[in-house]
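K.L.:
Would you mind keeping the following structure in view while I ask a few things?
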Amino acid sequence: MKSDYSRDIFKQLEETMKRLDKMESTLENTKIKHKIEIGHLNDKIDSLGKENAALKIENTRLKDDNERLRRIINNDSTNSSLPPSSDEKPVKAANEFNHRNKTKKKQGAQKGHKGTTLTKAKVKEQIEKGAYDVKIKEIGKRSEHYVTRYVLDLQTRPVATEVRIYADENGKYNIPKEYNSEVTYGDTIKALSVLLYSEGVVANDRIAEVINAISNNTLNISSGTVYNFCASFSTLSEESRKQIENDLLNSVVLYTDGTVVTENGKQAIIRNVSNKQSVMYTALENKKISAMKASVLWGEFMGVFVHDHETALYHFGTDHGECNVHLERYLMKNSEESKNSWSNDMIHFLSGINHAKKKRIAEGDTAFSKEQLDSYSKRYNEILKCGYEQNKKTKGKYAKSEEKKLLNRLKKYKKNHLLFAHKFEVEYSNNMSERDLRKCKNREKMSGGFRTSKGREMFCNILSIIETLKRRKMNIIENIMRIFQKDPAIF
């Protein structure tokens, strides 16, 4: 019997179509499944992309914060305004503080240094002046021949002066005001108290203890009495302080600086103004222009102020010099952070001008030539131009930003940073004024500050007199006593 091939073929076709339908269905399901998977993967990619972007932002912030903290941690007295006492120990050898570098010189006085050792000749000179009382002590059997040695000492035995006040023709006793109390203290004790309070930075109760100990506890001075001595001196010194103020007002150049002190738990300011002969301390509430305008000294001075780039001070005086030692610290900090060479070049450039100036002064010159000044100005601009170019490649957000600020400052205040070269009477820095403020910082450390504005003002008044006397090499105790006797010590 013949086979029906058409039927077999139809059946095969039908089976094939079923298989195709099944494969097509499977393929469609696979496509759908893949679409779902692809969609899920795209969502995951988007999520990871957002997470990555957030991590990048966080990483940038952490880098910036790390840079900021590193800048703070790396600050010390060589590259910022921090005092040497804040430096971690040991960061440098003792002879390297204040920018001093090691030398091959031996310790002690150098060749040519004038000594201060007392000699017989100096002692005899003081005896002839009546400055020393003389006692004689003999050792051995007396004869015509002997050798002399001197022992210098102080006598501290208390002296009681009986003041006798007699009646006038009407039988009335005209008792001077200073003798209203039946017992008062003399000017030597008062002067010693004032000196210990200001120069020694000693607390009132300790001053009383010292003086009582010297008198073998026979004087019984209290801390309140010591305070009254100082308060009285502050008032009586007004005339002498006016003379100091007049000397400062008549100066060509003044140096000024301010420091923060504590007053009753809050911050206050002590600012000083000085020249080579005088120094004045003023108690201010802050460093604002309005606070300084209250002082006659600031309002009337018509000369050059040298300071640490305090822009508020540009409202006073007729010209301004910037402290370049202060600037050197910022330049050094920039060299450390940016690794750029321009800031180190500026340090060597400015200090080189100062060295050349000192040499000229030693030779009797009073100014640089115009050609020399023009070359200095040109070199200054070249260093700044190099700085701006290097700043474009500086890494680190804060380092780049701070470097740009420093460059802008140097550009804007070029005249003020180079004023010391144009005017030989202007110093390279205001270190004179910074040294004058050390007593204020010592008091802050020793006593923790002041309790009242009156106490801060009293401290400033006393220190103005003491530091001016020292600067003029005048006898301190003697002139404090003169002021207690209502006789101006400085005129």
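K.L.:
Filter the range 173-193 for residues that are touching a residue at least 24 places away in the same chain (Cβ under 8 Å) and of a type in the set (D, E, K, R); which is surrounded by the fewest Cβ atoms within 10 Å (Cβ to Cβ)? Outline the logic, then answer.
P.N.:
Taking the range 173-193 as the starting set, the residues that turn out to be touching a residue at least 24 places away in the same chain (Cβ under 8 Å) are 185-193.
If we keep only those that are of a type in the set (D, E, K, R) as well, we get 187, 190.
Working: D187: 16, K190: 22.
My answer is D187.
K.L.:
Condition first: touching a His at 6+ places or on another chain (Cβ under 8 Å) and aliphatic (A, V, I, L, M). Now tell me which residues in the range 245-291 satisfy that.
P.N.:
Going residue by residue through the range 245-291, those that are touching a His at 6+ places or on another chain (Cβ under 8 Å) are 255-257, 289.
Within the range 245-291, I289 is the sole residue that qualifies.
K.L.:
Return the residue satisfying two criteria in turn: it lies in the range 310-334 and is among the polar types (S, T, N, Q) and surrounded by fewer than 19 Cβ atoms within 10 Å (Cβ to Cβ), and of such residues it is farthest from E403 (Cα to Cα). Can you show your working first?
P.N.:
The first filter runs over the range 310-334 and keeps only residues among the polar types (S, T, N, Q), leaving 311, 318, 324, 334.
Restricting the remaining residues to those that are surrounded by fewer than 19 Cβ atoms within 10 Å (Cβ to Cβ) gives 311, 318.
Working: T311: 19, T318: 30 Å.
Here the residue is T318.
K.L.:
I'd like the residue in the range 216-272 that is basic (K, R) and farther than 20 Å from N479 by Cα and, out of all such residues, is modelled with the lowest pLDDT. Spell out the reasoning first.
P.N.:
Initial filter on the range 216-272 (basic (K, R)): 241-242, 266, 271.
Next, only the ones that are farther than 20 Å from N479 by Cα stay: 266, 271.
Details: K266: 87, R271: 91.
Once the filter is applied, the top-ranked residue is K266.
K.L.:
Sticking with this one: Could you say whether any residue in the range 378-385 is surrounded by 19 or more Cβ atoms within 10 Å (Cβ to Cβ) and at pLDDT below 95?
P.N.:
Looking for residues that are surrounded by 19 or more Cβ atoms within 10 Å (Cβ to Cβ) and at pLDDT below 95, one finds none in the range 378-385, hence no.
K.L.:
Pull out all pairs, ordered by first then second residue, where Cβ-Cβ is under 6 Å, the residues are six or more apart or on different chains, the first lies in the range 263-291 and is more than 19 Å from V252 (Cα to Cα), and the second is basic (K, R) and surrounded by 19 or more Cβ atoms within 10 Å (Cβ to Cβ).
P.N.:
E263/R456; T282/R271; A283/R456; L284/R271
K.L.:
Sticking with this one: Need at least 3 residues that are out of contact with any helix residue (DSSP H, G or I) (no Cβ under 7 Å at 6 or more places or on another chain) per element, so show me which helices (runs of 4 or more DSSP H) inside the range 142-252 make the cut, counting only ones lying wholly within it. I'd like the intermediate steps shown before the answer.
P.N.:
Numbers: elements: 187-198, 204-214, 223-236, 238-249.
Fully inside the range 142-252 and qualifying: 204-214, 223-236, 238-249.
K.L.:
Another one. Need pairs with beta-carbon distance below 7 Å; first residue without any contact (Cβ under 8 Å) to a residue 40 or more places away in the chain and within the range 199-222, second part of a helix (DSSP H, G or I) and surrounded by fewer than 16 Cβ atoms within 10 Å (Cβ to Cβ); sequence gap 6+ or separate chains.
P.N.:
N204/S223; D205/S223; A208/S223; N220/N212; I221/N212
K.L.:
Can you name the helices (runs of 4 or more DSSP H) wholly within the range 426-491 that have at least 1 residues being in contact with a Lys or Arg (Cβ under 9 Å, 6 or more places away or on another chain)?
P.N.:
Values: elements: 431-436, 438-447, 453-471, 476-484.
By residue number, 431-436, 453-471, 476-484.
K.L.:
Are any residues in the range 377-396 under 28 Å from the mean Cα position of the chain (by Cα) and of a type outside the set (S, T, Y), and if so, which ones?
P.N.:
Step one: list which residues in the range 377-396 are under 28 Å from the mean Cα position of the chain (by Cα), which gives 380, 383-384, 387.
I383, L384, G387 - these are the residues of the range 377-396 that are under 28 Å from the mean Cα position of the chain (by Cα) and of a type outside the set (S, T, Y).
K.L.:
So in the range 228-245, with the set limited to residues that are over 9 Å from M458 (Cβ atoms), out of contact with any Phe, Trp or Tyr (no Cβ under 9 Å at 6 or more places or on another chain) and not polar (S, T, N, Q), which one is surrounded by the most Cβ atoms within 10 Å (Cβ to Cβ)?
P.N.:
Going through the qualifying residues, I end up with I244.
K.L.:
With the checklist (1) more than 20 Å from V260 (Cα to Cα); (2) in contact with a His (Cβ under 6 Å, 6 or more places away or on another chain); (3) among the hydrophobic types (A, V, I, L, M, F, W, C) in hand, flag the one item F301 doesn't pass.
P.N.:
(2)
K.L.:
Do we find that V202 is at pLDDT below 85 and either aliphatic (A, V, I, L, M) or surrounded by 13 or more Cβ atoms within 10 Å (Cβ to Cβ) (or both) in this structure? First the steps, then the outcome.
P.N.:
On the way: at pLDDT below 85: yes; either aliphatic (A, V, I, L, M) or surrounded by 13 or more Cβ atoms within 10 Å (Cβ to Cβ) (or both): yes.
So V202 fits the description; yes.
K.L.:
Could you tell me which numbered condition D46 fails, if it satisfies all but one of (1) assigned to a helix (DSSP H, G or I); (2) at pLDDT below 75; (3) not hydrophobic (A, V, I, L, M, F, W, C)?
P.N.:
Against the list (1) assigned to a helix (DSSP H, G or I); (2) at pLDDT below 75; (3) not hydrophobic (A, V, I, L, M, F, W, C), D46 comes up short only on (2).
K.L.:
Of the residues V194, V253, V183, only one is under 25 Å from E444 (Cβ atoms) and of a type in the set (A, V, I, L, M, F, W, C); which?
P.N.:
Working: V253 fails: under 25 Å from E444 (Cβ atoms); V183 fails: under 25 Å from E444 (Cβ atoms).
Of the residues listed, the single one that is under 25 Å from E444 (Cβ atoms) and of a type in the set (A, V, I, L, M, F, W, C) is V194.
K.L.:
So which residues in the range 344-384 are farther than 18 Å from Y330 by Cα and charged (D, E, K, R)?
P.N.:
Within the range 344-384, K357, K358, K359, R360, E363, D365, K370, E371, D374, K378, R379, E382 qualify.
K.L.:
In the range 280-299, is there at least one residue being surrounded by fewer than 18 Cβ atoms within 10 Å (Cβ to Cβ), among the β-branched types (V, I, T), in contact with a strand residue (DSSP E or B) (Cβ under 9 Å, 6 or more places away or on another chain) and closer than 18 Å to M458 by Cβ?
P.N.:
No, that holds for no residue.
K.L.:
Any chance you could count how many residues in the range 290-311 are of a type in the set (V, I, T) and closer than 18 Å to R241 by Cα? Step through it out loud before you land on a result.
P.N.:
Pass one, the range 290-311, residues of a type in the set (V, I, T): 296, 304, 306, 311.
Checking the rest, the ones that are also closer than 18 Å to R241 by Cα come to 296.
Summing the residues that are of a type in the set (V, I, T) and closer than 18 Å to R241 by Cα in the range 290-311 gives 1.
K.L.:
Among the numbered criteria (1) exposed (fewer than 10 other Cβ atoms within 10 Å of the Cβ); (2) over 45 Å from the mean Cα position of the chain (by Cα), which one does K129 miss?
P.N.:
(2)
K.L.:
State whether the residues of the range 268-276 include one that is buried (at least 16 other Cβ atoms within 10 Å of the Cβ), within 18 Å of G321 (Cα to Cα) and of a type in the set (A, V, I, L, M, F, W, C).
P.N.:
Yes, the range 268-276 has at least one match.
The values are calculated or read from the model by the stated rules, or taken from the named source; none is laboratory data. What you see is a predicted model; the values in this text were computed from it and never measured. A quick note on method: Cβ atoms are made from the backbone with ideal geometry, for glycine too, and the neighbour counts reach across all protein chains shown.
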